[in-house]
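Read-outs: derived from the displayed coordinates by stated rules, not from any lab. Computed from a predicted structure; not experimentally measured. Note that each Cβ is placed from the backbone with ideal geometry, even for glycine, and that neighbours are counted across all protein chains shown.
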Amino acid sequence: MSDVRNNRREAGGSSVITANRLLDGRIVWQVGEAAWSTLIDDARIIPNTQIEAAIAQATARQQEDGLVGVYGVQIESDDATPTPVTVRERIRAFGPTVHPDFTPAAELEAHA
Amino acid sequence: MPDTLPAPALPIGHYGYDQVDRAFLADRVEQFRDQVARRIAGTLSEDEFKPLRLMNGLYLQLHAYMLRIAVPYGVLDSRQLRELAHIARTYDRDYGHFTTRQNLQFNWIRLEDTPDILARLADVDMHAIQTSGNCIRNVTCDQFAGAAQDELVDPRVHAEILRQWSTLHPEFTFLPRKFKIAISGSPNDRVAARFHDIGLVAKPAPDGGTQFDVFVGGGMGRTPIVGVHLRDDLPEEDLLAYLEAMVRVYNEYGRRDNIYKARIKILVQALGTEGYRQKVDAEFAAMNRARYRLPPETVAAIRARFGTPDLHAPDDAAAQLDRARRADPVFDRWVRTNTHPHRAPGYISAVISLKPAGGIPGDATSAQMDLVADLADRHAFGEIRVTHMQNLVLGHVRQDELHVVWQALRGAGLASANIGLIGDIIACPGLDYCALANARSIPIAQKLGARFASPELQETIGPIEIKISGCINACGHHHAGHIGILGVDKKGEEYFQLTLGGSPGSDASVGQILGPALPEDATVDAIARLVDAYLVHRAGGERFLDTYRRLGAALFKDAVYATA
């Protein structure tokens, strides 16, 4: 869900785009146009100089793509895989810390 | 008031729905089913749909939709608890979370399943209406209502009357902000009446009827305030008229320009107690009193829809319990900490702790819910209560059957002997689930629970209330904690601010900030040092709160920040 705390972006940094799925509310990360994954590892990394335009595009398609609350999440600059800079977004990306078995990766594995 | 014996089929402890209630709920479910279909089809935008789903208790939280289900005045019957277990097992992740409003939340609900879930709830006379939004929320009540030895009036009938009055009340559907009412019938406040928008304490009137103490303008959140005592003699027949006047004044004068100043507590502070009272009295005087009068016949009719337990224990029930306690010291400790005196000879109320050491406060698996429902059927007239401390209660247990109940609870991980002790922590869902939170509450509760896991240590420390909120909205009641913990966000990282000296009870007080917020990895150690300081300085058997009030904050500040 969009939140003022997610508008903190450094000019030189990068971000990924996230949303919740309309039908089940689950968190997804934009992989490409109209393509979304529950794994942040799959997310497309976008320079912050281009992120607002990319968010606007994704927001315009959100009903068509079955999404709500599209927004951008700044990530750490030195990590090989996308890691959000805030605790909040890390919890969104990797699941509640109090249920290690509820990570998006574990869920995918369980349904594989 | 006549003593009307209810029909046997009526649920014990709460109002039994009739066909009008059921038809209404069925219509409401179909209405929501249509709204969900329109949202999925795109004919309703999210902005249009959001207020509709919130009116049905459906939030979009951090990871998924969360459905908050109302448990009116905290009383469930076994059939209802089993249905909640079924929903947890079928539509969620096999557990539910009991909240400080005596409700139940499911954290992993799918939007498309919600109409079917609401239909299942309606089948057992439950719903999620008014568990969100700027309306009068679920009325909370003493968890020992109708059972407690110290109770003067059973408040559940009046809680039900308030529920019926406030449900879909056309004038109070769009208040400036949410509105919370608590009611008790005991002079020992177990409902935090002074921290509610309206707190009511029922008591006998001089004429033999019922009257109410009325508190108003209490609350937590960004501006914690202990409510003011508005009157001590509200007659039962004027209960609805006077509350109608109180909420009308709030609806008219409450601020709608600033969400942080919109609760009634801000209005009462702005007008002053006398100013607010005058406006309420003027409204009350202008009302059609006959229309709003609550006559004894109506109260009796509502009471007649409650099932009442047939309390007959063997003469030696207490002696049998004594023998079991002497034979089993672990059971004896649990009885000391987890039971409450009952008004009827041979009976006792048992508190089921949902706070296992290292566990998540308020969570119960579907298997645990089923087990509690079975125990309620066998030993407590099929009735279960949810407490605002996030535990469960079997209100009427025969003392000679308590050992059997405890053994069954123990086998299911539900026999932690920690009620009112340091392990009995209130924690909101926090940043692990909540979209509003700044910090995680549950891991701090888990670490504290594990740190103080020893039942012997907990009894040595004695009564102490730790309450944790993941943001300033204070769903974890941190302002009313003897030790309050507030999660704050500092540049995207979690810090925790400690407050000391809060109390939710008859001696209500707001906790005071001890000093700068602590990093997450320093918070539990700091609290351990704080507790050590208390153990060194307490006099006799005084509680932590008493020591704090006697000695002040300085020594605790030294203990927390000396090595932080």
Give the average, rounded to an integer, of partner chain Cβ atoms located within 10 angstrom of each Cβ in A:18-26. 6
Over the whole of B:491-500, what's the average partner chain Cβ count within 10 Å per residue? Rounded to a whole number, please. 2
Which FRET efficiency, nearest 0.05, do residue B:525 and residue A:38 yield, Cβ-Cβ r, R0 30 Å? 0.25
I'd like the antiparallel share, as a percent to the nearest 5, of DSSP beta bridges with both residues in the range B:67-215. 60 percent
So what J values fall out for the range B:227-243 if you push phi through Karplus, 6.51 cos²θ - 1.76 cosθ + 1.60 with θ = phi - 60°, rounded to Hz, Gly and Pro as x? x, 8, 8, 7, 6, 10, 9, 6, x, 3, 5, 9, 4, 6, 4, 5, 5
Is the C-alpha gyration tensor of the range A:4-110 telling us rounded, prolate or oblate? Criteria: a/c under 1.5 is rounded; beyond that, a/b larger than b/c is prolate, otherwise oblate. oblate
With label points built 7 Å along Cα→Cβ from the Cα atoms of residue B:281 and residue B:549, find their separation and express it in nm. 3.1 nm
For chain B, what class follows from the C-alpha gyration tensor (a ≥ b ≥ c being the square roots of its eigenvalues): rounded when a/c is under 1.5, otherwise prolate if a/b is larger than b/c, else oblate? rounded
Leaving out same-chain residues fewer than 8 places away, which aspartates and glutamates sit with a Cα under 15 Å from that of residue B:279? B:244, B:252
For chain B, just give the cysteines left without a disulfide-compatible partner, judged by no other Cys Cβ under 4.7 Å. B:135, B:141, B:434, B:471
Would you mind working out the magnitude of the charge dipole of the protein assembly as shown relative to its Cα centre, with +1 at each Lys and Arg C-beta and -1 at each Asp and Glu C-beta, to the nearest 20 Debye? 1200 debye
Extension reserve of the residue B:319-residue B:94 stretch, reckoned as 0.36 nm per residue once the Cα distance is removed: 77.0 nm
Residue-span extension gain [residue B:336 to residue B:459] - 0.36 nm each, minus C-alpha spacing: 43.3 nm
Taking the DSSP beta bridges in chain B as the whole, what percent of them are antiparallel, to the nearest 5? 80 percent
FRET efficiency for residue A:48 and residue B:493, using Cβ-Cβ distance with R0 set to 22 Å, rounded to 0.05: 0.60
Nearest 0.05, what FRET efficiency do residue A:63 and residue B:506 give at R0 = 56 Å with Cβ-Cβ as r? 0.60
Which lysines have a Cα less than 17 Å from the Cα of residue B:178, not counting those fewer than 8 places away in the same chain? B:50, B:261, B:265
Pull up the cross-link candidates among the lysines for residue B:355, meaning alpha carbon to alpha carbon under 18 Å and not fewer than 8 places away within one chain. B:447, B:467
Specify which residue in the list B:133, B:70, B:95 is farthest towards the positive end of the charge dipole of the range B:50-156, using unit charges on the beta carbon of Lys, Arg (+1) and Asp, Glu (-1), about the Cα centre. B:133
Which loop-located trypsin sites (Lys or Arg not before Pro) does the range B:211-305 contain, where loop means any DSSP state but H, G, I, E or B and the Cβ has at most 12 other Cβ atoms within 10 Å? none
Mean other chain Cβ within 10 Å across B:57-63 is 5
Here the relative contact order (percent) of chain A, from C-alpha pairs under 8 Å and at least 6 apart, is 28 percent
Taking a ≥ b ≥ c as the square roots of the eigenvalues of the Cα gyration tensor, with a/c under 1.5 meaning rounded and otherwise prolate when a/b exceeds b/c and oblate if not, the range B:301-367 is oblate
